[in-house]
1. Only one residue in Pro78, Pro72 is part of a loop (DSSP other than H, G, I, E, B), open to solvent by 70 Å² or more (accessible area, probe 1.4 Å) and either modelled with pLDDT under 95 or in contact with a Leu (Cβ under 8 Å, 6 or more places away or on another chain) (or both), so which one is that?
2. Consider segment 481-506. How many of its residues are of a type in the set (D, E, K, R), surrounded by fewer than 23 Cβ atoms within 10 Å (Cβ to Cβ) and in a helix (DSSP H, G or I)?
3. Which condition from (1) part of a helix (DSSP H, G or I); (2) within 30 Å of Leu309 (Cα to Cα) is the one that Thr146 breaks?
4. If we keep just the residues of segment 170-201 that are small (Gly, Ala, Ser) and farther than 17 Å from Phe223 by Cα, which is farthest from ligand 2 (Cβ to nearest atom)?
5. Are any residues in segment 449-469 open to solvent by 80 Å² or more (accessible area, probe 1.4 Å) and closer than 28 Å to Glu501 by Cα, and if so, which ones?
6. Quick check, is Asp338 assigned to a loop (DSSP other than H, G, I, E, B), over 20 Å from the mean Cα position of the chain (by Cα), within 16 Å of ligand 2 (Cβ to nearest atom) and under 18 Å from Ser288 (Cα atoms)?
7. Residue check, Phe441 against (1) outside any loop (DSSP other than H, G, I, E, B); (2) within 22 Å of Ala574 (Cβ to Cβ); (3) open to solvent by less than 20 Å² (accessible area, probe 1.4 Å), all met but one. Which one?
8. Yes or no: Thr549 among the polar types (S, T, N, Q), surrounded by 24 or more Cβ atoms within 10 Å (Cβ to Cβ) and assigned to a helix (DSSP H, G or I)?
Amino acid sequence: MASFSRDHRQFASRRANIRRRFSRLGFLAAVFFLVLFHLHSSPHPSRPARRDIHFRPSGFDWTTVRQHHPVPNAHELPTGPTKVLGRVQHDFSNYKHDATTQKRQEAVRAAFVKSWNSYMQHAWLRDELAPVTGDGKTTFGGWAATLVDALDTLWIMDLHEDFYLAAAAAVQLDWTNTTDTSVNLFETTIRHLGGLLSAYDLSGEQALLEKATELGNMIYMAFDTPNRLPGFWLNFDNAKQGRQVAGINDPSASPCSLSLEFTRLAQLTGEDKFYDAISRVTDFLERSQNKSALPGMWPKTIDFRDEGLNERGFTLGALADSLYEYLPKMAVLLGGRDPRYERMHLSAMEVVVEHLLFRPMLPDGEQHHDILFAGDAYVHPDSRIDRNPEGQHLSCFTGGMFALGGRLFDNPAHVAIGERLARGCAWAYEAFPTGLMPEIFGIVACPTIDKACPWDEDVWKKHGDKTLKKGFSNARDPRYILRPEAIESLFILYRITGKEELRDIAWRMFQSIMRSTETILANSAIADVTVQGGTTKLDEMESFWLAETLKYFYLIFSPPDLISLDEYVLNTEAHPFRRPK
Ligand SMILES: *[C@@H]1O[C@H](CO)[C@@H](O)[C@H](O)[C@H]1NC(C)=O
Ligand SMILES: *[C@@H]1O[C@H](CO)[C@@H](O)[C@H](O)[C@H]1NC(C)=O
């Protein structure tokens, strides 16, 4: 999964001061109180005797608020014959679920159950569990983000009793029950709306679709601006009074990766207004694609109010990532009925291959690693392009994106690039003593991505960081925060190529994550992947740990017909939506 905003959010919202560090003493004290806390009763939910989940409407009905900037005629979901897209998954007809794989699958499930149980025990209905102290946190409006985000994983892992327990709570959520005056449009769409929609797609429980529709009606209000492009925040008062405008310096991924969720909602409800909302964003993407400083790509931030693309920085990582991720995935969800998504994807990827991909310079003996990383580019006013070989965990989703697009649009070269990118992130995990990749790091790059370059000690001395493995120039942000993008790409590549060895890589990755992040209660973000020995826990467990990271690990070790990529397309929070037949 990918998402810009996990970075953007850190300055955009109130989360920056959550991080705490514990002295050894403080940590022991925390453990002591935790044990005490465990012994006393806590608001543990009671389990439902049977499967009855009842939709309860929120305290406010947003369909009663008029559109101040109505559309003259709504764009309708495209109809007509579907275009045949390439088959995604490898032919697994001889697949056998062997004992080793089954053990790995069970180990992942056990990790999920542990974190989920602690969430239920200590943070029920809160947005997040603090995995060291056992506190609950409010990070996304107070609408049980972890619970809603984990619904479909519960279903996929056959934890049906807990699924119904959580679903029964989810359909009672009240969107007016918040102390916030605004909601983060992007995060609420990918986590809450995406989570409810996929839980419905998997279980068929009508109440989940009703809750999703109610939320959809609220966040649809964000599109009520003069040019129908939404801002970053949906402010409730402004929405009621018709005072909303698009942002002048917003992350490009924010308005431009709501399309899968709103399209699925339109398909399931038959309400065209949801599709209309995002189709106008797609129109904007189409008319602006060649107008940036790097034609074919959209910059990191955009002036959506005046449609200005003046920002000169380009990336597949933070701020822009899922804009690109959603182009091929929209082709899938629409059954190929709108050819613009394929076109935009292919022109963007041409530029990416030319300017944003890097191959690390590696010492002799390592040069057989045919790997790539996605970095950044900056275009100067005189058109000179600076290429910045900086990797980010967030951009590790690109391996999966290239490979998926390569299969859908019959482009084997893109599948190969996808595999090299996925292997690049896996290699970076194993390059650090914890077995984990830093959030942001630099590499010393070869001049081209086509072939390995000879090791150059002088270049290394000038740019490399001697404390890190040869190939790296820095570990600028050394945290690992339980992100999913590396395993996401390995999972997609496994399903596409059927190469069993990718599962071994995934297993090593899983073991490293457990070794370095596990706490008494669950798993925690860590401060520094470059340390030997014990790691410093940051007491953070974002909802994507249960929604994405553990789901992808579980799926790569599951029989490949579980959430087949020929039947489902996953949103950027790993929520599977059913593809049209
Ligand atoms: C409001 O949300 C909190 C959790 O953030 C929950 O404990 C409480 O029960 C909710 N109240 C209602 C009326 O839904
Ligand atoms: C952008 O330019 C490329 C190359 O000139 C062209 O193939 C493509 O159709 C253009 N895209 C749009 C959306 O106009």
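1. Step by step, each of Pro78, Pro72 is checked, and only Pro72 is part of a loop (DSSP other than H, G, I, E, B), open to solvent by 70 Å² or more (accessible area, probe 1.4 Å) and either modelled with pLDDT under 95 or in contact with a Leu (Cβ under 8 Å, 6 or more places away or on another chain) (or both).
2. The qualifying residues number 3.
3. Exception for Thr146: condition (2).
4. Here the answer is Ala170.
5. Result: Asp450, Lys451, Pro454.
6. Yes, satisfied.
7. (2)
8. yes
The values are calculated or read from the model by the stated rules, or taken from the named source; none is laboratory data. Computed from a predicted model, the values in this text were never measured in an experiment. Here the Cβ is made from the backbone with ideal geometry for all residues, glycine too, and neighbour counts use every protein chain on show. Just the protein is used for accessible areas: all its heavy atoms, side chains included, with ligands, DNA and RNA removed. Shrake-Rupley method; radii C 1.70, N 1.55, O 1.52, S 1.80 Å.
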